[in-house]
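The values are calculated or read from the model by the stated rules, or taken from the named source; none is laboratory data. Since this is a predicted model, take the numbers as computed values, not measurements. Areas reflect the complete protein model, heavy atoms only, side chains present, ligands, DNA and RNA absent. Shrake-Rupley method; radii C 1.70, N 1.55, O 1.52, S 1.80 Å.
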Amino acid sequence: MWTRLARLFVIKTRFEAFLVIYALGAGAVERGMGYLHRFPGTQGWILFLACTAAVFMAGGKILDAVTYEQERAG
């Protein structure tokens with residue numbers, strides 16, 4: 001039963017990866033907007049851009065990992 005539950009949290013296809021990246025991006029923008037309200041001006045924008053840049057980096061790694069696993073599986 002635990003293995004079946006654990007399989008729900010494994011990203012198997014590029015479509016699933018894009019859904020996860022979208023969710024990460026939506027959360028990053030929401031956090032960035034909070035930073036803009038809390039730190040108006042340049043500091044807020046730097047933190048906003050840092051949040052979104054982290055999603056780009058993580059998204060690239062997720063897509064690379066999915067592609068690698070698909071190539072390795074055959």
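Points worth noting:
- The fraction of accessible area contributed by carbon and sulfur in the chain is 68 percent, rounded to a whole number (1.4 Å probe; ligands and nucleic acids excluded).
- Value of relative contact order over the chain, rounded to a whole percent, pairs C-alpha under 8 Å and six or more apart: 34 percent
- Probe 1.4 Å, accessible area per residue of the chain, Å²: 83 Å²
- Tail weight of P(r) past 13 Å, computed on alpha-carbon pairs of the chain, percent: 69 percent
- Figure note: 1, 57, 33 ranked by solvent-accessible area, largest first, 1.4 Å probe, ligands and nucleic acids not counted: 1, 57, 33.
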